[in-house]
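Written below as structure tokens is the structure these notes are about.
The values are calculated or read from the model by the stated rules, or taken from the named source; none is laboratory data. Keep in mind it's a predicted model, so treat the numbers as computed, not measured. Counting neighbours? That spans all protein chains shown, and the Cβs are built from the backbone with ideal geometry, glycine included. The protein model used for the area step is the full one, side chains on, heavy atoms only, and it has no ligands, DNA or RNA in it. Shrake-Rupley method; radii C 1.70, N 1.55, O 1.52, S 1.80 Å.
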Amino acid sequence: MPTKPEATPTTTGTGPIIDVRDLAVHFGLRGSSLARLFGRDAGTVKAVDGVNLTLARGEVVGLVGESGSGKSTLGRALLGLAPATAGSIVFEGQDLATLSRRRLRDLRRHIQMVFQDPSAALNPAMTVEEAVGDALRVHGMRSAEERRVKVIDALERVGLSPVELFLEKYPRDLSGGQKQRVVMARAIITGPSVLVADEPISMLDMSVRAKILQLMLDLKQDLGLTYVYITHDLASAKYFCDRIAIMYLGRIVEIGATEEIFANPRHPYTKALLRAIPDPDPGRQLPRDLPRGEVPDAAAPPLGCAFHPRCKEATPTCGWESRDLRTLVEAHWTRRSPDEYGAERAVVGDIDHFDKPATSTTLGAQGAPAAREFLDRVRIEAPDDPIWGGIESITDDGSGVRVHFHEGIDPALRRAGGVEVACVLYPETSTEG
Amino acid sequence: MRKVFKALAKPFTETAGLARWMLVIGIVITAVFVICAIFAPLLAPYGFDQTSADGVQFVKREAPSGDHVFGTDRLLFDVLSRTIWGARTAIEVVVLSIVICVFVGVPMGLISGYYGGWLDRILLLIMDALFAFPSFLLAIVFAFLLTNKLPSGGFSGVLAVSLSLSVIYVPQYYRVVRNTTVSAKEATYVEAARAIGASDFVIMRRYLFGNVVQSVPVIGTLNAADAILTLAGLGFLGLGIQSTEAAEWGHDLNRALADAGSGIWWTGLYPGLAIVLLVTGLTLVGEGLNETINPTLRRRRLLPVVMTPREGDR
Amino acid sequence: MSVEFVEPPYVDSGEPVISARDVRVWYGTTRGAIRAVDGVSFDLAPGETLGLVGESGCGKSTLGRGLMGLLPQGAKRDGEVWFKGREILGMKAKDNYRLRGHELGMIFQEPLTRLNPLMRISDHFEESIKQHDPGATKDAIRARALEALRLMGIPPTRYRSYPHEFSGGMRQRLMIALALVLRPSFVVADEPTTALDVLVEAQIVQILNDLRRNFHTSLLLITHNVGIVAEACDRVAVMYAGRIVEQGRVTDVFENPQHPYTRELLRSTISLNTTGLNFIPGSPPDLVDPPDGCRFHPRCPDAMAVCATKNPVTLDRVGGGRVECWLVGPHEQIPPGGTQPLKQEELAVADEA
């Protein structure tokens, strides 16, 4: 296998070390047993949906997002652990998406991974020496003595010294931070050039996190590593990363240099994430204006921009639809007394048909005037909700009204200032920056 | 070496009270039978098919006496000798069938659980069918089919019976290993193994095997008890091992049946007692192991807390 | 869900809802007793939120469960906990059970494991209300449940749904609504946001923040996230190795930490303003055999000779609250030469958390 010498700093070449183009990873939905039992229909989850990302040698790129944003899947796709449905991942001239399983296995010595839960990432039946050395063994190093020398070196690099104390230990005898160091040693022992770190510190104690982060910085310095740092924690990403990609529901919604993203967040989702970080300094508490709701079901993403249902700055063309109407009506009812709710519920009638995404839907069971009156009440109560802009017209229809929404636009990633943003607020013609 | 001792001592250090006693008693009983099996030529006064000693033929159905402590049966065999030799047959059959089961069931379960898909479905179906079939009937059928089919020799009867017993018990090993594999393969450490470039074979052998075989010893010992009974049942029906081939308790019981009516108790009592004791011993070992190995059954040993009196300055 | 930001009202009506005095909770093991909680005292005023922070393995959760009487077998507790004028640690199990839910509520980290997947939300409410108010009519239950859901932002349309039909954040709100529907005066929330996403976590913190306004409930918020304490709590208690080493108003303690552990814990937290990485060397001690003297002294950068030999004395903090550290005093009790810096052995990674 043609390979560069192990554990030498990579040359600071100009070309990208990994180039991801239009990557899509889709999963057929098997569903949980509960879902199957209740007959929920299976669909496809677009875990990663058209992502472009280039990694320059020696840089740290952060993938930040909530669960379900596809950040972990993207990271796993870089190792070929999640098969690409479409697109390409080019690493040193080879497209990972088309390699055979065998070649892919060989390639993994160059791209390695660190996992979130160090306790789960180590085989409980293997000692530290076996676990770390196994990475060499699977790549054909037969001699146990040779392996031992390398294992000792790797353990010393991750700061597990005196090494003799650890070689014979089982994972259950180690603390969380020590286990994460063992995982790190296993990852660096094959001399990789890229390390994908999937939330490496989020399961650790506050007092240890900084230590592991420092270790990762040291390793990068010593071994010339390139990092993909996957996290939901913007604070650590700010400290650790050179570039940050904010992900939401399988897409990158904003990507750019760390300083620019934090100094001047553009995408409403980025702004929301920044606002959500609790600050330990009681003097610096900011008023919160949090987006409502949660990450939507990836099997049935919102129409238009995926973030629009939670977005405070949404425009009329962000993709408003029937499900948003349900959210609006339900939010209204959380502010009513049970009696008022009962009466209004009768006016509205069936609300379950809203769940089928459509840009035009009916509302009402007691005639059009009652339905219009109800919608007016909702509007008076929440006049600032951006959904009102998204309603194109309301016409009488049968026992109620038909609400028509504007056709939505699914924004593509476009350059805006020093970063790239996928949001209609930042059109291509933007002169900003 | 210390690791091995530690592992062996684990069942004792991690049990308490009843569970520990069960285990100890079970091991003692089983050990007695194993010793009988290994040293049968030394322990038994006569051979299992010996009908005369020093040129003098034994008396038929002689009551227990100085020469024949347990008496003789109607084929002139010495009952004590046959009971001791019977232990050898029983242990041979049980060990052999467990070995076959482990060698067939564990890899099959691993592969089936790891790969899943149609292979898993087909294997599952076959194993479930075998499992659902009345086990004793199955053993009879296989004993029928296998007897005299195997290359003849002193061991062929034992091998035939062991194979018939394996057919009954393989589904249990398969099931347990397959189910634990299905859940274990989702663990992060398996994905981590894949991330370092391990092949499927390596993952199964070095990452899954050690974590899924932990319940096999328990099934093994529990099945051993059941196997003794099935073996005796087959022998009682005259299938499998013949009297001249080896001493077998079930077969001896069959012959003792006719004696029981005429007040000859010793031909039936001792083989019967041996079966009961060995089955009890193995069951106790199995249950004891289960308590220690199976985490859902294990109760943590709780020690009373003695709070020290408070220090004055705190 | 926008709530205008107001400075949390600090209720100081004198009479505490719950007041713990020298509480200890020990577990028996083969190695000896684990002193998970070892002499803890604090007061909680009505409508006040107390944040309990510390590393894992410092006894935070044990203290929370100990107060609720939800300890596993083999645990033993002593000391005194006065709840509305009654001592509850010495209470009979039956009385304690009656108190739970009704007067004492608990919110757990993983909500889904605490909800019965086969029961509708309505059934959950019915059961918990009926348990403590057997005479309640169906309509009354419904009204109370809907009110609790409404305050948590769960629409009434979801009243007849099953737990699995809710998202993670909704489930946690559901748990909070269930814990609060009986209007307990004291609630323990054990890491209620740890399993949640960032934005949802912030929403839940906001809800907890609003609790005292809506329900006038006293809350003990157990968390490892100092940011959440700063955000949602009036007072904070910093726990280390089974002891509360410092407690006081959040603003006082966080802006001017007196105990080195508090200071180091705050320094090691990575926030948006982090410009350098700091960490506490070593790991929390084995609670079977905690260090002599101050339990933090092996990891303390400011340790003095006295810290390794003599237990620190609990003192009133400047600016309110309490702290136990020889650096603060009392200086007259330090033996001569006790203020010499303690020679620390180099802490190897071998002892690290």
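The requirement of being in a strand (DSSP E or B) and among the β-branched types (V, I, T) is not satisfied by C:V253.
Taking the listed residues C:E246, C:E231, C:E264, the one that is part of a helix (DSSP H, G or I) and modelled with pLDDT of 90 or more is C:E264, with no other qualifying.
Looking only at the range A:254-284, count every residue that is free of Cβ contacts under 8 Å to residues at least 60 places away in the same chain, in contact with a helix residue (DSSP H, G or I) (Cβ under 7 Å, 6 or more places away or on another chain) and either under 22 Å from C:E255 (Cβ atoms) or not hydroxyl-bearing (S, T, Y) (or both) and tell me the total. Final tally of qualifying residues: 12. Only one of the numbered conditions (1) in a loop (DSSP other than H, G, I, E, B); (2) buried (at least 19 other Cβ atoms within 10 Å of the Cβ); (3) under 23 Å from the mean Cα position of the chain (by Cα) is violated by C:V323, and that is (1). Among the residues of the range C:267-303, those identified as farther than 30 Å from A:T258 by Cβ and out of contact with any helix residue (DSSP H, G or I) (no Cβ under 7 Å at 6 or more places or on another chain) are C:P284, C:P285, C:D286, C:L287, C:V288, C:D289, C:P290, C:P291, C:R295, C:P298, C:R299, C:A303. Scanning the range B:169-188 for residues that are of a type in the set (A, V, I, L, M, F, W, C) and open to solvent by 10 Å² or more (accessible area, probe 1.4 Å) gives B:V170, B:V176, B:V182, B:A184, B:A187. Considering only residues in the range C:257-294 that are touching a residue at least 60 places away in the same chain (Cβ under 8 Å) and more than 11 Å from chain A (Cβ to nearest Cβ), the one that is farthest from C:G28 (Cα to Cα) turns out to be C:Q258. Looking only at the range C:211-237, residues that are open to solvent by 10 Å² or more (accessible area, probe 1.4 Å), more than 11 Å from chain A (Cβ to nearest Cβ) and under 19 Å from C:E55 (Cα atoms) come to 1 in all.
Taking each residue of the range B:118-129 that is of a type in the set (V, I, T) and looking for partners that are open to solvent by less than 60 Å² (accessible area, probe 1.4 Å) with beta-carbon atoms closer than 9 Å, six or more apart or interchain, yields B:I122/B:S112; B:I126/B:P171. Exactly one residue out of A:Y248, A:Y229, A:Y269 is open to solvent by less than 10 Å² (accessible area, probe 1.4 Å) and facing chain C (nearest Cβ under 10 Å), and it is A:Y269. For the range B:207-266, filtered to residues that are free of Cβ contacts under 8 Å to residues at least 24 places away in the same chain, assigned to a helix (DSSP H, G or I) and open to solvent by 20 Å² or more (accessible area, probe 1.4 Å), the residue that is farthest from A:Y170 (Cα to Cα) is B:A260. Restricting the range A:160-171 to residues that are in a helix (DSSP H, G or I) and more than 13 Å from chain B (Cβ to nearest Cβ), the residue that is surrounded by the fewest Cβ atoms within 10 Å (Cβ to Cβ) is A:E164.
Just so you know, in the range C:66-84 the residues that are more than 14 Å from chain B (Cβ to nearest Cβ) and at pLDDT below 85 include one that is most open to solvent (accessible area, probe 1.4 Å), and it is C:L70.
Among the residues of the range C:155-207, the ones that are open to solvent by 20 Å² or more (accessible area, probe 1.4 Å), facing chain A (nearest Cβ under 7 Å) and not in a helix (DSSP H, G or I) come to 2 in all.
If you check B:G157, B:G66 for being assigned to a helix (DSSP H, G or I) and at pLDDT below 85, only one passes: B:G157.
For the range C:190-206, filtering for residues that are within 16 Å of A:L274 (Cα to Cα) and β-branched (V, I, T) leaves 3.
Considering C:D139, C:D123, the condition of being exposed (fewer than 15 other Cβ atoms within 10 Å of the Cβ) and either away from chain A (no Cβ under 12 Å) or among the small types (G, A, S) (or both) is satisfied by C:D123 alone.
Listed by position, the strands (runs of 3 or more DSSP E) contained in the range A:391-433 that have at least 1 residues being under 28 Å from A:P369 (Cβ atoms), open to solvent by less than 80 Å² (accessible area, probe 1.4 Å) and at pLDDT 90 or above are A:391-397, A:400-405. For the range C:23-65, the candidate set comprises residues that are in a strand (DSSP E or B) and more than 12 Å from chain B (Cβ to nearest Cβ); within that set, the residue that is nearest to C:R295 (Cα to Cα) is C:V53. Suppose we filter A:R181, A:R157 for residues that are open to solvent by less than 50 Å² (accessible area, probe 1.4 Å), among the basic types (K, R) and either more than 14 Å from chain B (Cβ to nearest Cβ) or out of contact with any Cys (no Cβ under 7 Å at 6 or more places or on another chain) (or both); which single one remains? Exactly one of A:R181, A:R157 is open to solvent by less than 50 Å² (accessible area, probe 1.4 Å), among the basic types (K, R) and either more than 14 Å from chain B (Cβ to nearest Cβ) or out of contact with any Cys (no Cβ under 7 Å at 6 or more places or on another chain) (or both), namely A:R181.
Could you say whether any residue in the range A:263-272 is touching a Gly at 6+ places or on another chain (Cβ under 8 Å) and more than 30 Å from C:P284 (Cα to Cα)? Among the residues of the range A:263-272, at least one is touching a Gly at 6+ places or on another chain (Cβ under 8 Å) and more than 30 Å from C:P284 (Cα to Cα), which makes the answer yes.
Conditions tested, residue by residue: (1) away from every other protein chain (no Cβ under 12 Å); (2) crowded, with 17+ Cβ neighbours inside 10 Å; (3) more than 22 Å from the chain's Cα centre (by Cα).
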| position | (1), (2), (3) |
| --- | --- |
| A:G293 | no, yes, no |
| A:E313 | yes, no, no |
| A:W320 | yes, yes, yes |
| A:D324 | yes, yes, yes |
| A:S337 | no, no, yes |
